[in-house]
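*Asks:* The structure follows.
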Amino acid sequence: MRNVHHRPQVCEAVLSLGSNEGDRLSWLACARAALAAEKAFAVRACSPVYETDPVEVPEAFAQQRYLNQIVIVETALEPQVFSRLMHAIEQRLGRTRGPERNLPRTLDIDIITFGDIRSTDPELTLPHPRAGTRRFVLQPLADLRPEARLPGDARTVSERLRDLPDVPRVKCFAPPCGGAAVSCAPRFEEGKSS
């Protein structure tokens, strides 16, 4: 009898990066560098960076605009393992999580889609439950995959985007590389998970 090794199935994951505190562009650049440094997946595409009005934030923070960007990666990890890795990257880059939602943050990495998986698991709902209604997700995603569909959705990303109201506003802020040359190595090299 011979040993048969099965290669894990590779799938595409769509990530939404966001920051509205400190040097927002540098935080996104550090997140992209941390993602690129991981051996468990490969970065395949990065959208332009968009500046966006905050959505569903406490009134005290309503003036803190976000920078958002879509990054597409390929991975053979299981979705829950991948999710834990995204949380670890956020934590290594200084993200703290508290009981209140939608507070200012240096970095947020949301998993928008993970292949064609649909899940209602409270730990990882796929696709992201509000992705199809958020211009700051759909605009940069449309730059990369205009004909893509969120799992379970009949409409393309471009069609969904066209149907959204113009507010909250989203405007192009920086090219796909983010336009920032920063050194992030000390922020994420220690404790690297791959």
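Every number here is computed from the coordinates shown, using simple stated rules; none is lab data. The shown structure was predicted, so the numbers you read here are calculated from the model rather than taken from an experiment. A quick note on method: Cβ atoms are made from the backbone with ideal geometry, for glycine too, and the neighbour counts reach across all protein chains shown.
*Asks:* If packing is taken as the average number of other Cβ atoms within 10 Å across a peptide's residues, how do 88-101, 71-84 rank, most packed first? Can you show the working numbers first?
*Replies:* Numbers: 88-101: 13.6, 71-84: 17.3.
Going by the mean number of other Cβ atoms within 10 Å, highest first, we get 71-84, 88-101.
*Asks:* State the Cα centre-to-centre distance between the range 132-147 and the range 40-60 in whole Å.
*Replies:* Each part reduced to its Cα centre gives a spacing of 11 Å.
*Asks:* How long is the gain from THR156 to GLU56 if the chain were fully straight, where each residue apart is worth 0.36 nm and the alpha carbon distance is subtracted?
*Replies:* Working: separation 100, 0.36 × 100 = 36.00 nm, distance 2.48 nm.
Result for the pair: 33.5 nm of gain on full extension.
*Asks:* Using 7 Å Cα-to-Cβ label points, what is the GLN80/GLU123 separation (nm, one decimal)?
*Replies:* So the label points at GLN80 and GLU123 sit 0.4 nm apart.
*Asks:* Is any helix in the chain, taking whole DSSP H runs, at least 18 angstrom long along its axis by alpha carbon and on average at least 0.0 on the Kyte-Doolittle scale, and which ones? Could the numbers behind the result be given before it?
*Replies:* Working: long enough: 24-37 (20 Å, 1.00); 79-92 (20 Å, -0.44).
Span-like helices in the chain: 24-37.
*Asks:* Gaussian network model of the chain, Cα springs within a sub-10 Å range: biggest mean-square fluctuation belongs to which of VAL57, VAL137, VAL14?
*Replies:* Evaluated over the chain, the most mobile residue of the options is VAL57.
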